There are 2 protein chains.
Amino acid sequence: MSRKPTLALIGATGAVGTVMRDIISSREDVYGEIRLVASARSAGKVLQVRGENVVVQALAPEVFDGVDIAIFDVPDEVSAEWVPIAAGRGAVVIDKSGTFRMDPEVPLVVPEVNPEAARNRPRNIISTPNCTTLSMMAAMGALHEQYGLRELVVASYQAVSGAGVAGSARLYDEVEALAGDRTVGQTAGDVRKALQNKLGDGESPFPAPVAFNVVPWAGSLKEGGWASEELKLRNESRKILGIDDLKVSATCVRVPVITTHSLAVHATFEREITVADAHRILEAAPTVVVMDDPANGVYPTPADVVGTDPTYVGRIRQALDFPNTLDLFVCGDNLRKGAALNAAEIAELVAAEFTG
Amino acid sequence: MSRKPTLALIGATGAVGTVMRDIISSREDVYGEIRLVASARSAGKVLQVRGENVVVQALAPEVFDGVDIAIFDVPDEVSAEWVPIAAGRGAVVIDKSGTFRMDPEVPLVVPEVNPEAARNRPRNIISTPNCTTLSMMAAMGALHEQYGLRELVVASYQAVSGAGVAGSARLYDEVEALAGDRTVGQTAGDVRKALQNKLGDGESPFPAPVAFNVVPWAGSLKEGGWASEELKLRNESRKILGIDDLKVSATCVRVPVITTHSLAVHATFEREITVADAHRILEAAPTVVVMDDPANGVYPTPADVVGTDPTYVGRIRQALDFPNTLDLFVCGDNLRKGAALNAAEIAELVAAEFTG
């Protein structure tokens with residue numbers, strides 16, 4: 001009884017939703033009907049997907065009638081309320097929020113790493129990881145499979161679009177406000193003052209100026225001074241890789257980049273691993289691209305890889321003082337593999353159960 | 001026979017030289033004559049120091065006649081040639097270049113950490129560390145003194161002025177060229193293309209766009225794929241702290257910040273250390289400021305501390321999975337403590353031998 005499943009995109013108008021419609025339109029068409037769903041404010045808008053015009057529907061229980069797969073990209077509290085409603089009406093929900101990720105009855109899936117987990121979903125819910133964790137997971141999963149990952153020390157360089165459309169808008173606003181002033185960024189507080197003068201008390205999604213600055217904060221405050229994003233990186237990496245006792249320390253920092261998260265990773269394995277080993281494994285990983293030839297200026301940067309699907313790895317070095325350890329630099333588009341693409345790939349795994 | 005020593009500043013017109021003149025003008029006046037020296041191109045210029053106009057002299061052996069202390073801030077190859085000439089003519093040379101830092105007969109000095117080393121200078125030369133190393137040294141030195149540092153895993157967020165006046169000019173140029181385009185930074189290579197269109201083939205001191213980007217490279221290529229800046233951080237930390245077997249791994253990354261380097265530091269000690277221990281020690285360190293109250297949005301960012309002298313530390317967390325380990329975030333002005341200020345402080349140590 002093969003048939004093309006009906007798909008619903010919840011949060012179709014957001015930063016990730018927009019990329020999601022692009023991605024679904026450009027990949028193999030495995031769906032029957034596609035419904036676009038958003039808040040009541042956006043209902044009635046006409047958006048394109050697969051080249052067709054689709055009228056956005058307001059989120060309501062009835063929009064899930066007949067839906068086989070629902071991809072949610074909405075705030076945590078909206079997911080908490082609506083994901084169980086959709087799942088209860090029979091849809092397999094792929095949820096991008098943090099709400100269900102650590103639920104033992106909800107698999108947390110990266111298709112390159114643990115695709116089999118997507119089939120075991122007692123609550124009818126599959127979670128997709130935080131964008132920062134996802135930036136490195138395809139690469140670290142491939143290395144782990146052969147060398148056994150034991151420890152990760154990570155520092156992030158996170159793009160502003162990780163905070164949604166408002167994040168990108170804020171960086172563009174700040175850059176416009178400060179451009180042309182060739183003294184700014186040289187005196188304590190001058191960036192804040194210039195932004196206050198030019199932009200007034202405009203709301204920023206960030207706790208400090210993000211143009212001409214870096215901000216060591218992402219998420220909400222947790223015990224011990226940790227930011228939620230730093231703990232997600234630890235807990236989600238453990239769950240995805242299936243390593244309960246993986247040692248992880250992370251410091252998450254926002255940088256003035258529109259899209260594409262980068263991570264400096266110090267990774268310790270069970271066995272000795274050389275740079276050549278890492279090159280061989282990562283070059284064989286279908287969704288990883290190795291850019292690692294510093295003699296010729298080749299290493300990944302966000303500006304060079306944004307808008308594309310792979311995970312890019314460069315600057316692979318064998319640690320001089322730490323056994324079985326590599327230092328490396330990873331870049332991944334936080335709206336694509338970090339969000340929409342990973343959800344779309346999970347949806348395709350589920351769709352294959354209908355059509356396969 | 002107390003007298004005020006004669007000081008010469010070599011490289012008086014550069015990014016660090018400019019800050020050096022400001023710093024010397026604002027600190028206690030411990031010098032007799034001050035001479036300003038630069039390349040022949042800048043000779044004859046009139047610059048201010050201590051409120052006086054001083055004519056810049058061209059670098060020549062005779063400018064060192066009668067000089068007691070000479071601070072060099074010039075490229076490595078200029079230091080290699082001229083520092084021994086100045087030292088041979090009797091000046092105590094404080095050299096900011098990388099040329100002599102690892103010479104066992106040249107002390108590498110951070111006045112808060114190893115002031116006594118400045119007195120043992122068989123070649124009449126004292127080196128001052130790389131700006132990235134210096135960004136964390138006052139803080140790490142204080143913690144090491146009480147808890148015994150064993151391991152450092154560091155990721156840097158390095159400001160463009162680390163590459164001199166040309167570095168700052170390039171970021172201002174790039175920001176001006178890209179401001180107002182609210183699509184840039186969303187497609188692979190679009191930043192490069194826009195810069196090429198607006199700025200042409202203008203030379204950049206960086207190997208990739210630095211606006212709306214981060215670039216995982218600083219310095220020159222060394223064995224094993226390491227960048228020279230990453231190895232300096234390792235080797236200089238060992239020498240300053242006097243820990244021959246300190247384990248260090250660093251990844252150095254340039255970010256679009258004008259001035260002030262930041263470091264995400266994962267530091268392992270001999271003994272158990274709590275966040276409260278670190279607060280107590282760092283708050284007692286005279287040149288360190290603790291900004292660590294994330295519940296109230298308090299942590300250091302470059303824009304908030306640039307242009308000031310201290311080393312700022314925040315986001316201090318006890319690592320969840322690594323014993324005796326803290327994760328923290330450090331900011332320091334790379335032109336002040338990272339360069340000019342540290343050299344000025346060493347010069348004052350030496351000046352005290354004349355006046356004290």
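So the values come out like this:
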read-out	value
Qualifying residues in segment A:141-162 (those that are under 24 Å from residue B:174 (Cα atoms) and of a type outside the set (Ser, Thr, Tyr)) - the one most open to solvent (accessible area, probe 1.4 Å)	A:162
All positions within segment A:253-269 that are facing another protein chain (nearest Cβ under 7 Å) and either open to solvent by 30 Å² or more (accessible area, probe 1.4 Å) or not in a loop (DSSP other than H, G, I, E, B) (or both)	A:262, A:264, A:266
Residue that is farthest from residue B:113 (Cα to Cα) [pool: residues in segment B:300-318 that are open to solvent by 10 Å² or more (accessible area, probe 1.4 Å) and within 8 Å of chain A (Cβ to nearest Cβ)]	B:304
Members of segment B:20-34 that are open to solvent by 20 Å² or more (accessible area, probe 1.4 Å) and touching a Leu at 6+ places or on another chain (Cβ under 7 Å)	B:21
Residue within segment A:243-251 that is open to solvent by 40 Å² or more (accessible area, probe 1.4 Å), of a type outside the set (Lys, Arg) and not in a strand (DSSP E or B) present	yes
Whichever residue in segment B:290-347 is assigned to a loop (DSSP other than H, G, I, E, B) and among the aromatic types (Phe, Trp, Tyr) and, among such residues, is nearest to the chain's Cα centre (by Cα)	B:299
Residue A:182 vs. criteria in a helix (DSSP H, G or I), open to solvent by 10 Å² or more (accessible area, probe 1.4 Å), modelled with pLDDT of 95 or more and at the interface with another protein chain (Cβ under 10 Å from one of its Cβ atoms)	no
Some residue of segment B:270-290 being closer than 21 Å to residue A:220 by Cα, surrounded by 19 or more Cβ atoms within 10 Å (Cβ to Cβ) and more than 7 Å from chain A (Cβ to nearest Cβ)	yes
Checking residue A:192 against (1) under 30 Å from residue A:96 (Cβ atoms); (2) open to solvent by 40 Å² or more (accessible area, probe 1.4 Å); (3) facing another protein chain (nearest Cβ under 10 Å); (4) assigned to a helix (DSSP H, G or I), the condition it does not meet	(1)
Criterion: within 25 Å of residue A:356 (Cβ to Cβ), part of a loop (DSSP other than H, G, I, E, B), open to solvent by less than 20 Å² (accessible area, probe 1.4 Å) and modelled with pLDDT of 95 or more - qualifying residue of A:93, A:106, A:113	A:106
Single match in A:329, A:322 (criterion: in contact with an Asp or Glu (Cβ under 8 Å, 6 or more places away or on another chain), at the interface with chain B (Cβ under 7 Å from one of its Cβ atoms) and either open to solvent by 20 Å² or more (accessible area, probe 1.4 Å) or not polar (S, T, N, Q) (or both))	A:322
Check on residue B:136, open to solvent by less than 10 Å² (accessible area, probe 1.4 Å), in contact with a strand residue (DSSP E or B) (Cβ under 6 Å, 6 or more places away or on another chain) and part of a helix (DSSP H, G or I)	yes
Leading residue by the ranking (nearest to residue B:167 (Cα to Cα)) among those in segment B:1-20 that are part of a loop (DSSP other than H, G, I, E, B) and among the polar types (S, T, N, Q)	B:13
Check on residue A:216, in contact with a helix residue (DSSP H, G or I) (Cβ under 7 Å, 6 or more places away or on another chain), closer than 21 Å to residue A:190 by Cα and within 7 Å of another protein chain (Cβ to nearest Cβ)	no
Residue list for segment B:58-77, restricted to those being in contact with a strand residue (DSSP E or B) (Cβ under 8 Å, 6 or more places away or on another chain) and either among the small types (Gly, Ala, Ser) or in a helix (DSSP H, G or I) (or both)	B:58, B:63, B:64, B:70
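The values are calculated or read from the model by the stated rules, or taken from the named source; none is laboratory data. As the structure is a prediction and not an experimental result, all values here were calculated from the model. So basically every Cβ, Gly included, is an ideal-geometry build from the backbone, and we count neighbours across all protein chains shown. Heavy atoms of the whole protein, side chains included, go into the accessibility calculation; ligands, DNA and RNA do not. Shrake-Rupley method; radii C 1.70, N 1.55, O 1.52, S 1.80 Å.
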